[in-house]
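Input: a single structure, listed below in structure tokens.
The values are calculated or read from the model by the stated rules, or taken from the named source; none is laboratory data. The shown structure was predicted, so the numbers you read here are calculated from the model rather than taken from an experiment. Ideal geometry is used to build each Cβ from the backbone, glycine not excepted, and the neighbour counts take in all protein chains shown. Accessible surface areas use protein heavy atoms only, side chains included; no ligands, DNA or RNA. Shrake-Rupley method; radii C 1.70, N 1.55, O 1.52, S 1.80 Å.
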Amino acid sequence: MGKLILTLDGAVVREYPIDKDSISIGRRHGNDIQLGDLTVSGRHALFTVLGEHVYVEDLGSTNGTLVNGARITKSVLKHGDVVQTGNYQFTYYDDEVEQYEPTMFIKAEIDETQVMPDRVNSGENIKGSPLGAVRVLNGPLAKKVLELRKPFNTLGFNGVKMAVITRDNDGYSIAGLKSNKLRRASDLPMVNGNSIGLERTPLKDHDVIELAGTQMEFFLYR
């Protein structure tokens, strides 16, 4: 049937096979998956299997249950859908569609104090917009995926921050970051082969980002 991949800030916490008719999520003892976090209600959500479909249902939680950023009461899940319960996310993988690799997720490098030239929304009011991610296309991290959940997601290598991807109500955008450690022209961030500056450049589904020779595909979960 498939499995649920539990992540926190883009890092894999645990994998749960969907091997029973229902799986309850919540903070209290007695839930099939217990999450000890105050953002999660005692009885928060329920995954159920009906025929060939998997559903998720909110159980009247305080902070709600979101699917791909949109609050739901009950929703059928498709392969790749992301369910948010408090600070945690469950990504639904259908084994018949794609084989899950445990190394697909890497933890986001977040710069909480990054200042952008434009004012952007806090990220807390983003509702209904699809979740974005980048997939590494080459090099030692090839095939790994970084989910872009935070308002600001920095990208870089060897301790050097080179670009920041911003998420707000208008979608995703990318901008370069100043650094005296970038010596070569090839170190400048590029999108679809074109160098970008310090101003925000909107990102579209399947845009290719290049940083110091490493290519990443930006995509949206649908």
- Message: Using a Förster radius of 35 Å, what is the FRET efficiency between Gln34 and Gln215 based on their Cβ-Cβ separation? Nearest 0.05, please.
- Response: 0.30
- Item | With every protein chain in place, segment 1-72: carbon and sulfur % of accessible area (1.4 Å) | 46 percent
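Take each of the peptides 142-155, 189-202, 22-35, average the number of other beta-carbon atoms within 10 Å over its residues, and list them starting from the highest.
142-155, 22-35, 189-202
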- Show me 73-84, 203-214, 163-174 ranked by packing, highest mean number of other Cβ atoms within 10 Å first. 163-174, 73-84, 203-214
- Query: What's the extension gain from Asn192 to Lys204 if we count 0.36 nm per residue and subtract their Cα-Cα distance?
  - Reply: 3.3 nm
